[in-house]
Amino acid sequence: MTVAVDSESGLDVAGLTVHLGGRDILRSIDLTARRGEFLVLAGPSGSGKSTLLRAIAGLVPCAGGTIRAGGVAIGDLPPGSREIAMVFQDHALMPHLTVAGNLMFGLRARGVARREARRRADDVASRLGLEPLLDRRASGLSGGERQRVALGRAMLRDARLVLMDEPLSSLDAPLRARLRREILELHRRQHWTTVYVTHDQAEALSMADRLGVLIDGVLQQVDTPLAMYRQPASTRVAAFLGQPAMQLFQAKVSAGAVSLLGGERPVATESAQGHLIAGVRAEDVRVTGSSWAPLREDDWRIEGRIGQVEHLGDVQWLHCDVAGEALIARVEPDAAYRADQSVVLGIAPDAVRWFDGRTGLHL
């Protein structure tokens, strides 16, 4: 059974719950993707990302909730009738078939004549640079070549929704970067609605139109990458997103002052009182002598000592000890800092993100 596609809709998931092995894997997931959107789901290992994709595809049973794709309810349809294409981490190619055979297999299984299937496979191969490989067996391909074949197979699926489950995680870094660009170009050219799962933060932040963070089976936040990076909804999102992640410190606010990082800092807030958590990004920490991050007049001044200088070529991270707590600052790569050096650090009050000390939610 096939159903008509609503060209104005993407994906709508409401209250999706999955129980496996006596455990709650996904808890009441609400998620939408607009037509043509590249939606990325990120989170630590075991958070339920792949299970969510498989539930949408009909490969794992759902205990509750609804799934609509292209404006059509698909939650009760068998996997083969959902008109969804999946690209897996392990490519899922048939090693004994040639590239052409792998590309044609789904078309032939759906009753497409061999000549037409070959014509369509050749067309996709030309767009993906696979023409020289059409007669080569899949078992003899490199990792990047196998992944391009898997993407070509998705192109031939005529799917209303494309699900990608960590498709690049087994590849080396330069190839991952190149294929990221190829996948985005392919997504835009095909006008897919894509849900892409990854644990790689560079992929999540650079590829997403919108980004969702899933932790312990709960969808914590969905927003644009920049908005989520600057305004995480909770300490759990803050501690996950970013390399390094947002730094979190215990704080107490009373009588217009905050006790933070070994000192009392003036703070103009009446809504936040009592036990709070302060979140600070490394790029918002200013350092005496830095041209990238010079101290400003209204910064909170903090004295610290550099414990380690981490040089990554285009940036340096200064790991500083401040009143017994670790504070990381980002500085330019050619700045002359050394371990055991005393420094004055500064934090702009408006760069601090405040979270409720009990719930961890952003204030």
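The values are calculated or read from the model by the stated rules, or taken from the named source; none is laboratory data. No experiment lies behind these values; they were computed from the predicted model shown. A quick note on method: Cβ atoms are made from the backbone with ideal geometry, for glycine too, and the neighbour counts reach across all protein chains shown.
Tabulated results
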{"read-out": "Test: THR2 is modelled with pLDDT of 95 or more and closer than 21 Å to ARG160 by Cα", "value": "no"}
{"read-out": "Matching residues in the range 52-96 - criterion: being closer than 24 Å to ARG27 by Cα and assigned to a strand (DSSP E or B)", "value": "GLY64, GLY65, THR66, ILE67, ARG68, ALA69, VAL72, ALA73, ILE84, MET86"}
{"read-out": "Residue within the range 272-287 that is farther than 19 Å from ARG353 by Cβ, outside the structural domain of GLY152 (by TED's automatic domain parsing) and surrounded by 14 or more Cβ atoms within 10 Å (Cβ to Cβ) present", "value": "yes"}
{"read-out": "Count - residues of the range 307-331 that are surrounded by 13 or more Cβ atoms within 10 Å (Cβ to Cβ), assigned to a strand (DSSP E or B) and touching a Leu at 6+ places or on another chain (Cβ under 9 Å)", "value": "14"}
{"read-out": "Residue list for the range 101-132, restricted to those being at positive phi and within 33 Å of the chain's Cα centre (by Cα)", "value": "GLY129"}
{"read-out": "Residue within the range 98-116 that is at pLDDT below 90, part of a helix (DSSP H, G or I) and in the same structural domain as ALA204 (by TED's automatic domain parsing) present", "value": "yes"}
{"read-out": "Output for the range 333-349, where each listed residue is touching a strand residue (DSSP E or B) at 6+ places or on another chain (Cβ under 7 Å), surrounded by 14 or more Cβ atoms within 10 Å (Cβ to Cβ) and either more than 23 Å from VAL267 (Cβ to Cβ) or among the small types (Gly, Ala, Ser) (or both)", "value": "ALA335, TYR337, GLN341, VAL343, GLY346"}
{"read-out": "Filter result for LEU179 (in contact (Cβ under 8 Å) with a residue 12 or more places away in the chain, part of a loop (DSSP other than H, G, I, E, B) and closer than 30 Å to ALA125 by Cα)", "value": "no"}
{"read-out": "All positions within the range 147-174 that are touching a strand residue (DSSP E or B) at 6+ places or on another chain (Cβ under 7 Å) and among the β-branched types (Val, Ile, Thr)", "value": "VAL162"}
{"read-out": "Check on GLY10, at pLDDT below 95 and buried (at least 20 other Cβ atoms within 10 Å of the Cβ)", "value": "yes"}
{"read-out": "Complete set of residues in the range 144-172 that are of a type in the set (Gly, Ala, Ser) and either outside the structural domain of ALA113 (by TED's automatic domain parsing) or at pLDDT 85 or above (or both)", "value": "GLY144, ALA150, GLY152, ALA154"}
{"read-out": "Selection status of ARG136, at pLDDT 90 or above, assigned by TED's automatic domain parsing to the domain that holds THR194 and not β-branched (Val, Ile, Thr)", "value": "yes"}
{"read-out": "Out of ARG157, ARG148, ARG153, sole residue that is in contact (Cβ under 8 Å) with a residue 40 or more places away in the chain, of a type in the set (Lys, Arg), closer than 30 Å to ASP12 by Cα and crowded, with 20+ Cβ neighbours inside 10 Å", "value": "ARG153"}
{"read-out": "Some residue of the range 332-344 being assigned to a strand (DSSP E or B) and within 21 Å of GLY242 (Cβ to Cβ)", "value": "no"}
{"read-out": "Qualifying residue in the range 253-265 (condition: surrounded by fewer than 15 Cβ atoms within 10 Å (Cβ to Cβ), touching a residue at least 12 places away in the same chain (Cβ under 8 Å), in a strand (DSSP E or B) and more than 24 Å from the chain's Cα centre (by Cα))", "value": "yes"}
